[in-house]
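This report concerns only the one structure given below.
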Amino acid sequence: MVQETKPWEILKEYMQSESTHEIKTYLAQLTTEDVVATVSHLNEQQRLTLLSLLTPEEAAELIDDIPSVQAAKLIEEMNSKEASAIIAELPSDDQADFLGEIPEKNAEAIMQEMPQKEAENVRELIRYDDDTAGGLMVTEFLVFEEEVTVGEVVEDLQSNADRYEKYNLQYIYVTHIGQFSGVLNMRTLLLSKPTVLLSEIVLRSALTVKDKDPLEDLINFFDTNDFYGVPVVDDRLQLKGVVLRKDLREAQAEQENVEHLETQGIVGGEELRTMSVWLRARRRLSWLSVNILLNIAAASVIAVYQDTLSAVIALAVFLPIISDMSGCSGNQAVAVSLRELSLGVIRPFEVARVWMQEVTVGLLNGLVLGMLIGAAAWIWKGNVYLGLVVGGALSINTLIAVSLGGTIPLILKRMNVDPALASGPILTTVTDMFGFFLALTFAGTMLNSL
């Protein structure tokens, strides 16, 4: 069987011979997935060498393909002049994202190499939080004042064709002394007479979002409105930028990915195995060290009831099942609450409503699960009281788990604590403690019958 040569091995050979043409040709043949895998198999110095062998435009395309944490690290390690040349080829929102992720000293050195106007624009974008309209918007858009004529706009577009090449040209945004007036689509522009003023044909009913609107509000906006993008204004209605649908969806997917990692105990955002071992270990331990303390607290309940457990050894078989099944039910409720919070379907203050909706599910599922495990215990040991103990404990604990799982994310959100990170450990500890407590307490009251 012939072993297939891995793409990163081929690329390394081209890099060793400094065959720039072959490198560019080979990268162009690879899929995005292959490019990501290939770059990930290079060490840091090899990645820097690869970028140095490409033009700034080609390097920017490569940077845009690979994970943002890898890209930011590369930009941080490059000299400021080379980095600024690559950054200049990226859209404004990506420029702000990358420079916002690296140390301020490095970012400022890179911006010093950029044209003054472009650097000021990036500095303004960096001030916004990543998950707001201002942090997601691009500043590459066509904007003209109301008093300009159609002919003047067309002449400007033709004269600056190279400059506008990377702009999305579906709409023109119209302002009056910087304040947003409305939008104008290209069809209307091209079919109007050259002497017509933009103020006469602008669509003034166009919707906008505020620069500080959170990601959840933007998701709701684009779910409701089938727009390619939406203009962003500040409190004075000054036009600041445009949030594109594709950028919003990328941010939404990234947020969901981070939330998923946090629910699994990966703290601090995205983790790749190309990152330093110490950083990866520290991020994981920050959650695991807390979790082990919480588990000790749950185990202490068993210690209090160790005499009961010693008398009814069969309970030891069912305690993990009660804990695990309740935890699964609770985690389902957590997942739904996190999803609804991200979509804006529920608000953090709606704890009572969410709890009532979860109680009905918890009662039904708890009853079914309790009957199943109770029947299993009865059949196994031939003791109906054992079935009542474990079945009753699972039923009640399931109700507790879904109640907590549904409401804890909302409560944490109101406290400005990340619900994706903290909900899991809290739920696990409480359901373990209550599960053990219920089963052992019930067993203690029926000890003579078990």
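The values are calculated or read from the model by the stated rules, or taken from the named source; none is laboratory data. Keep in mind the model is a prediction, meaning the values are calculated, not measured. Glycine also receives a Cβ, built like all others from the backbone with ideal geometry; neighbour counts cover every protein chain displayed. Surface accessibility is based on the protein's heavy atoms, side chains included, excluding ligands, DNA and RNA. Shrake-Rupley method; radii C 1.70, N 1.55, O 1.52, S 1.80 Å.
For the residue pairs 117/210; 166/212; 24/105; 6/246, alpha carbon separations beyond 28 Å are given by 24/105; 6/246. Across all Cα pairs in the stretch 21-176, the calculated P(r) in 5 Å bins from zero up to the longest distance comes to 1, 8, 16, 18, 17, 14, 12, 7, 4, 2, 1, 0 percent per bin. Packing, as the average of other Cβ atoms within 10 Å across residues, places the peptides 212-225, 21-34 in the order 212-225, 21-34, highest first. Remark on the stretch 22-83: hydrodynamic radius 11.7 angstrom, per the Kirkwood mean of 1/r across alpha carbon pairs.
Bridges between two residues of the chain, per DSSP, are antiparallel at a rate of about 75%.
What FRET efficiency comes out for residue 193 versus residue 124 if R0 is 41 angstrom and r is the Cβ-Cβ distance? Round to the nearest 0.05. In this case the efficiency is close to 0.65. Here the stretch 141-212 has 52 percent of its accessible surface on carbon and sulfur atoms, given a 1.4 Å probe and all protein chains in place.
Model label sites at residue 6 and residue 357, defined 7 Å from Cα along the beta-carbon direction, differ in position by 4.7 nm. Going by accessible surface with a 1.4 Å probe and the largest first, 57, 358, 13 read 13, 57, 358. Relative to the longest principal axis of the Cα atoms of the chain, the long axis of helix 215-224 makes an angle of roughly 80 degrees.
Sorting 203-209, 176-182 by average packing, meaning the other beta carbons within 10 Å per residue, from highest down gives 176-182, 203-209. Over the stretch 1-100, accessible surface divided per residue gives 52 Å², non-protein components excluded, 1.4 Å probe. With a ≥ b ≥ c taken as the square roots of the eigenvalues of the C-alpha gyration tensor of the stretch 79-120, please select rounded if a/c is under 1.5 and otherwise prolate if a/b is larger than b/c or oblate if it is not? In terms of gyration-tensor shape, rounded. Take the Cα radius of gyration of the stretch 356-441 and divide it by 2.2 N^0.38 Å, N being the number of residues; the result is 1.25. Shape analysis of the stretch 110-231 based on the Cα gyration tensor places the equivalent ellipsoid semi-axes at 26, 20, 12 Å, largest first.
Distance from the alpha carbon centroid of the stretch 134-169 to that of the stretch 188-254 works out to 14 angstrom. Here the stretch 328-375 exposes an accessible surface that is 74 percent carbon and sulfur, computed with a 1.4 Å probe and the other protein chains kept in place. On full extension, the segment bounded by residue 306 and residue 169 gains 42.1 nm, given 0.36 nm per residue less the C-alpha separation.
Computed over the chain, the per-residue total of -39500 (n - 2.57) for DSSP H runs of n ≥ 4 gives a 222 nm mean residue ellipticity of -21500 deg cm²/dmol, rounded to 500.
Charge dipole (Cα centre; +1 on Lys/Arg Cβ, -1 on Asp/Glu Cβ; no other charges) of the stretch 20-68 amounts to roughly 160 debye. Against the criterion of solvent-accessible heavy-atom surface with a 1.4 angstrom probe, 355, 278, 378, 8 sort, most first, into 278, 378, 355, 8.
With the highest mean first, a sort of the peptides 226-235, 244-253 on other beta-carbon atoms found within 10 angstrom per residue produces 226-235, 244-253.
The 1.4 Å probe gives accessible areas that order 336, 351, 390, largest first, as 336, 351, 390. Of the three principal axes defined by the Cα atoms of the chain, the extents in descending order read 96, 60, 45 Å. Residue separation of residue 446 and residue 228 scaled by 0.36 nm, minus their Cα-Cα distance, works out to 71.9 nm of gained length.
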